[in-house]
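See below for the structure under consideration.
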Amino acid sequence: MHSLFYKLKFKYQRYAIRNLSVYASIAFAVGYLLMLTPFYGYMMFMPKEVLHGQVWRIFTAFLYPPVTGGIFNVILGILIYYSFAVSVERSMGEFEFNIYFFGSFFVGEIGTLIYYLITGINAPFIPMFTQFSVFMAFAIMYAESTILLFFILPIKAKFLAVFELALYTFYFIVGNGLSRIFGMLYTRISIIAALIPVYLFYRMVYSGGESIFTEIKNYFNRRKRQKEWRDQWK
């Protein structure tokens with residue numbers, strides 16, 4: 001797997017988009033503005049329409065912002081996304097980040113297409129889980145870094161990533177708002193599709209050595225041994 005990847009990198013890295021994190025953030029801002037117009041209906045990834053020739057939707061789906069709602073929430077969401085994405089791009093490399101970013105979207109679109117072929121429901125690809133993969137890459141590479149949750153509470157990236165995974169596991173089992181509209185299978189396929197690139201990247205980074213999950217397990221084991229040692233002197 002590694003040898004194939006480096007062969008692809010050697011052959012195609014000159015086509016990688018530099019500063020993709022910047023362009024992606026700008027694209028999200030443009031996408032939000034387009035969501036306020038009737039044209040956005042022609043830009044969403046809809047499996048039925050794509051199969052009937054509207055192939056541009058495969059690419060215009062990248063414009064969907066990481067956060068929707070009021071303009072303040074969108075601006076804040078894009079800035080937070082950019083702060084993670086630019087760090088990931090610098091550490092990962094331009095070619096690798098291109099593969100990771102676009103690959104995450106394409107896997108999500110394939111998952112939505114599979115859902116359509118299974119159920120016949122023409123549900124749109126909404127990359128709310130897919131865009132989470134950038135934060136997961138950040139947490140894998142900067143597990144010990146501290147993030148201010150809600151700009152107040154300091155928390156290590158690895159613990160926040162584990163919390164996010166737990167939340168997505170809950171969505172996988174119980175469902176979320178999209179489940180009520182499109183069904184549980186839609187949510188489950190979306191989550192699986194979003195985590196596939198994360199898992200592949202995780203395996204490449206931690207093909208040897210300890211992972212963030214091993215570190216967390218060791219942390220609690222140390223706390224347990226410390227408590228047992230203190231208890232024996234009571």
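Quick note: the coordinates plus some simple rules give every number you see, no bench work behind them. This is a predicted model, so every value here is computed, not measured. Cβ sites come from the backbone with ideal geometry, for glycine too, and all protein chains shown count toward neighbours.
Under the rule of at least 5 residues apart or a separate chain, name every residue whose amide H is placed under 5 Å from the amide H of residue 147. Under 5 Å from the amide H of residue 147: 155, 156, 157.
Here the 3J(HN,Hα) profile of the stretch 15-29, calculated from phi with Karplus coefficients 6.51, -1.76 and 1.60 at θ = phi - 60°, is 8, 5, 7, 6, 6, 4, 4, 5, 5, 5, 5, 5, 4, 5, 5 Hz, Gly and Pro shown as x. Rounded to the nearest Hz, the phi-derived 3J(HN,Hα) couplings of the stretch 157-162 under the Karplus curve 6.51 cos²θ - 1.76 cosθ + 1.60 (θ = phi - 60°) are 4, 5, 6, 5, 5, 5, where x marks glycine and proline.
Normalised by 2.2 N^0.38 Å, with N the number of residues, the alpha-carbon radius of gyration of the stretch 22-176 equals 1.09.
Normalising the average separation of contacting C-alpha pairs (under 8 angstrom, six or more residues apart) by the number of residues puts the relative contact order of the stretch 12-231 at 19 percent. Extension gain, residue 16-residue 40: 0.36 nm per intervening residue step, less the Cα-Cα distance, totals 5.9 nm. Sites listed here are chymotrypsin sites (Phe, Trp or Tyr not before Pro) in the stretch 51-136 whose DSSP assignment is loop and whose Cβ has at most 15 other Cβ atoms within 10 Å: 56.
Summing +1 for each Lys or Arg and -1 for each Asp or Glu among the other residues whose beta-carbon sits under 14 angstrom from that of residue 95 gives +3.
Computed 3J(HN,Hα) for the stretch 69-84, one whole-Hz value per residue from the Karplus formula 6.51 cos²θ - 1.76 cosθ + 1.60 where θ = phi - 60°, is x, x, 4, 5, 4, 5, 4, 5, x, 5, 5, 5, 4, 4, 4, 6, glycine and proline marked x.
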